[in-house]
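Heads up: the structure comes next, in C-alpha cells.
The values are calculated or read from the model by the stated rules, or taken from the named source; none is laboratory data. What you are looking at is a predicted structure, and each value in this text was computed from that prediction instead of being measured. All Cβ positions, even for glycine, are placed from backbone atoms using ideal geometry, and neighbour counts span all protein chains on display.
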C-alpha cells in the first residue's frame, strides 16, 4: 500500500508541494490527492487585475496547470469543486464536501498539507454582503467581477488602498468606469511611508481616479439586495460595483478548529521545513505565518512567490529530501498606473514598532543617465539603524525601470549589510540603465553620512 | 600658506577627488589645481557612442561640470589644455606642457593625485596611424569621429568586439553607414561565455552589422595617409572610418617613469585609501589596478562608476576623512541593439584561470509573467563553485528589462553567498516585473541542484 498525501488547496503552495513530492516519490510509493473548492488549480491570482483590465485576454492564460495536467502528467488526483470542511487530526481524516452536490465524504491521510490561502477582509459594515460587492482573492472572484462588468456598470468604488485595491482601481479605469477610491489613511499604499505613497496618489489622480482619503466607509447603500452606493462621513458615493481592497488574512479557521496551532498573526505556525505543530500535518502559502528577517517577528504575507517557495519546500521534505524556508524580508512590488512601486524590509512605522531607532534618507534620481533618452524620475528611500548603520528597509517609487532595483536592497537586507558597506558595492552602470552613481548607491551613501553625523552628534 | 593639491586628469576620478577634498577643506587651507590635457572636464565618456549615434544631441550634455564651474563654485583651478609630461617625485614637482603653445612650466605639490585614465589599445599593425582610424576613449576622440562622419563616409569597420566596439558599431549603423565588425574570437563580447555572446552576435546581425568573427587584422590599407580598407586573412574590407575597440589599458607610463609602482595589470598600485606606494602620491580611476573580490587577484577595469567612487575616496582621505575602496566584483552592463547584456563575477574562462572548479547553469525565462504584455525573453547564467556551491559569477542577455537584474547577482557575490542560499531570497514579484519564480532565483535553484548532484556523484 502506498503512503497517502492529501493536499488542501489547489493553488500555488498546495500544488507546488504536491508536484515536488511526486517528483521524488512515484505513485506506487505515494498516492497524492489535492482538494480545491474552486474550479481552477495552479493559477496566477496576481494576474487577476490585468485580466479584468483587459491586458490579459482570457482566464485560461492565468492557469499554469489544469487538474487534467496534474492527473495525466503527475499522477496527482486533483479534485476541483471539492471543499474540505473539517480536519480530524486525531483520526487522520478530512471531511470533504462536493461543492456541486453538497455530498460529503471522508478521506484518510498519512501526510496532510494545508494550503488554503488567504481571505479578503470583510469588516461587518452594514450592507457588505450585498450583490455587487467583491473581494478579489481567487480566480473565481475575478470572474465574478468580470460578469458584473458585463452589465455595463458606470461607477466603481474601491474600498482600501493596498496593492490589490489600487491595481483593481486602475483596471476599472481601463474598463471605462468612473472610479473612486476610499481609503481611511491620508495616503494610499500604507506599506509605503506617506511621502512615497503620495506619489502613488498622484499617479491615480492622473488617470482620473477620484481619491477620498482619510474617509471611512460607514455603510453600503443597497436596493433589492444590490449595492447602489458607498456611504462615508462625507456623503454617499454612487456605486454599481464595489471592490474590497482592505487586505487579507490567513484562511486558518479550518486549521484552528482542528487544533492545529495558529499564531498571533492568524497564520498557521510551521517550522522551517513547513511542518505544523501537529505530527503529519504540513502547511504552506498565504495561510501560514513566517519569519521576518529584519523585525525578527512572525508575519503573515500573502504573496504568490512565498507560496510557491514554501509549497516546494514542503514537497521536497515530504518527498524525503531536506529543505528549509529562510523567512522573508517583506519585499513587494507593483505597477500602479504610470508608477512602479516597490518596498522591502521595514518602513518607518514598522521600524518604530519593531523598536528600532533609525535614520531615513530619500533621494531623487533617474532610471538612466540624465542625457540618455527615456531617463525617468525615481525616488529611493532607505532606512538605517542609528549607531550601527544597519540597513532596515527600502522603498522605490518611480516611472518605468525604477522598481525592480528593490531586489538589490532586498539582497543587502538579506545579508544584514550596513548602508556604509552598501555604498561601495559594484552595481552595474551604463547610460541606458543608470546614472553613473546608481540611485540605490547614492541613497546608501547619504544614509551612511546621516548615520555617521548622528553618531558624531551624540 | 595653504597646502597644495595637484590633480593630473580632469575627468571622473580626478575631479571627484578634487571636489571631495574641497568639500572638506576650504581654499585657505588647501589650494587645488587640476590639469587636463583635453578641452573638457568631468564628462561621461560612456555616453560617447550615444552622442555619435544621435541619441544625445550635443557634447555639452555629456559634461557634468565645466572648468568654469570648478573655478567658480569649488575654487578649483581646472586647467584644460594642460598636459602633465613628467612627475618628479623626489622634488615633489610636475612638469606641465600647454597643449596650445607647447610652453612648459613646473608646479610643486604637497599632495598629488594621478587620475589619467586608460588608453585604447593600438597594436602595431601596419597602417594603424593612418587618418580615419580612431580609438574612442576621451570626449575629444568622440568629436574626432563626429568630424569624420561629416565627410559622409560609407563604410565603417569596427575592430574588436568589446563593449565600446559594439556600442560604436550600433552607433555607426544608426548614422547610416555599412558596418563590419572584425573580431578575433569566435564571438563578440568576450567578457561573456560564448553561448551568451552568440545572442549578442545575433542582435548585431539583425540591425545589419556584418560580423567577421575569428578573423585577425593584418594591416590597414591606406591612400594618401588615409585609411581605405582593413585587411584580414580573408581579404580586404573597404573602410572610410575605422573604430578600434580592442580594449584599453591603464595609462600608467607617466607614473612608471616617475618610479611610482605599477602592478602586473599595468595599473598603478594603491592601498585601500587610494595612496600609491610613493608618499604624498595618490591614484584613482582607470589608471590603477584594484582588487577583485571573487578571483582575489588585482584587476584593471576601466569603468566610470569605479573611477567616480575611487576619486571620491581619495578626496575624502585627502580632506582629512577616512574612506576605503572595497574592490570590485567585475560587474558590467551594456545595451547592444535590441539586447541588454550584463555580467558580474567570473565567467567560465576567468573562473578556470582563477583555479575554481565550478558548475554552470543557464536558464531561459522572461522579464515579466508570461501572460503579461511585453514579457521579453531573457537568458540567465550562473557559475557556482563545486562542493561549496559558492556563487562565482553571473551573466544575463535579454531584451528590455533583463540586464539590470545583474545587480542582485552582484550583491550576492559581494556577500559570498552560495547558490543554495540565493534561491530562497525574497526578491520582488508582480506580473509586470517578473515571473512568479524570478529568473535569477530559478537559475540559482538549478545551480544549487547541480552542485548537490555533483557532490552526491563524487
Some residue of segment A:422-432 being surrounded by fewer than 24 Cβ atoms within 10 Å (Cβ to Cβ) and more than 9 Å from chain B (Cβ to nearest Cβ): no
Members of segment A:159-185 that are closer than 19 Å to residue A:230 by Cβ and over 19 Å from the mean Cα position of the chain (by Cα): A:172, A:173, A:175, A:177, A:178, A:179, A:180, A:181, A:182, A:184, A:185
Sole residue being modelled with pLDDT under 95 and either under 23 Å from the mean Cα position of the chain (by Cα) or away from chain A (no Cβ under 14 Å) (or both), chosen from B:224, B:247: B:247
Residue A:164 vs. criteria assigned by TED's automatic domain parsing to the domain that holds residue A:232 and either modelled with pLDDT of 95 or more or outside any helix (DSSP H, G or I) (or both): no
Any hit, segment A:122-144, residues being more than 30 Å from residue A:185 (Cα to Cα) and touching a residue at least 60 places away in the same chain (Cβ under 8 Å): no
Unique residue being more than 13 Å from every other protein chain (Cβ to nearest Cβ) and either over 23 Å from residue B:337 (Cα atoms) or modelled with pLDDT of 95 or more (or both) when the list is B:440, B:363: B:363
Segments classed as strands (runs of 3 or more DSSP E), wholly inside segment B:91-145, with at least 2 members that are assigned by TED's automatic domain parsing to the domain that holds residue B:30 and exposed (fewer than 13 other Cβ atoms within 10 Å of the Cβ): B:104-108
Residues located in segment A:256-272, provided they are surrounded by fewer than 16 Cβ atoms within 10 Å (Cβ to Cβ) and in contact (Cβ under 8 Å) with a residue 12 or more places away in the chain: A:257, A:259, A:261, A:264, A:272
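Among the residues of segment A:394-406, write down those that are within 8 Å of another protein chain (Cβ to nearest Cβ) and surrounded by 24 or more Cβ atoms within 10 Å (Cβ to Cβ).
A:403, A:404, A:405, A:406, listed by residue number.
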Tally of residues being more than 8 Å from every other protein chain (Cβ to nearest Cβ) and either closer than 21 Å to residue A:195 by Cα or modelled with pLDDT under 95 (or both) across segment A:316-353: 15
Selection count, segment A:160-187, where residues are without any contact (Cβ under 8 Å) to a residue 60 or more places away in the chain and surrounded by 20 or more Cβ atoms within 10 Å (Cβ to Cβ): 6
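Would you pick out the residues in segment A:17-54 that are under 18 Å from residue B:431 (Cβ atoms) and either free of Cβ contacts under 8 Å to residues at least 12 places away in the same chain or crowded, with 18+ Cβ neighbours inside 10 Å (or both)?
A:40, A:42, A:43, A:44, A:45, A:46, A:47, A:48, A:49, A:50, A:51, A:52
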Evaluation of residue A:15 against (1) within 14 Å of chain B (Cβ to nearest Cβ); (2) over 20 Å from residue A:275 (Cβ atoms); (3) in contact with a strand residue (DSSP E or B) (Cβ under 9 Å, 6 or more places away or on another chain) (one fails), failing number: (2)
Unmet requirement for residue A:192, which otherwise passes all of (1) within 14 Å of chain B (Cβ to nearest Cβ); (2) assigned to a helix (DSSP H, G or I): (2)
Residues being buried (at least 21 other Cβ atoms within 10 Å of the Cβ), more than 15 Å from the chain's Cα centre (by Cα) and within 14 Å of chain A (Cβ to nearest Cβ) - total across segment B:275-313: 4
Qualifying residue in segment A:35-48 (condition: more than 14 Å from chain B (Cβ to nearest Cβ) and out of contact with any helix residue (DSSP H, G or I) (no Cβ under 8 Å at 6 or more places or on another chain)): yes
Hits in segment A:235-263 (condition: in a loop (DSSP other than H, G, I, E, B) and in contact with a strand residue (DSSP E or B) (Cβ under 7 Å, 6 or more places away or on another chain)): A:239, A:240, A:245, A:246, A:251, A:252, A:258, A:260, A:263
Residue in segment A:72-83 that is within 23 Å of residue A:310 (Cβ to Cβ), in a strand (DSSP E or B), in contact (Cβ under 8 Å) with a residue 12 or more places away in the chain and under 22 Å from the mean Cα position of the chain (by Cα) present: no
Yes/no for residue A:156 being in a strand (DSSP E or B) and surrounded by 23 or more Cβ atoms within 10 Å (Cβ to Cβ): yes
Qualifying residues in segment A:55-71 (those that are in a helix (DSSP H, G or I) and within 14 Å of chain B (Cβ to nearest Cβ)) - the one surrounded by the fewest Cβ atoms within 10 Å (Cβ to Cβ): A:60
Subset of segment A:216-228 [part of a strand (DSSP E or B) and touching a residue at least 60 places away in the same chain (Cβ under 8 Å)]: A:217, A:218, A:219, A:220, A:221, A:222, A:226, A:227
Qualifying position, being within 13 Å of another protein chain (Cβ to nearest Cβ) and under 23 Å from residue A:356 (Cα atoms), among A:451, A:409, A:419: A:409
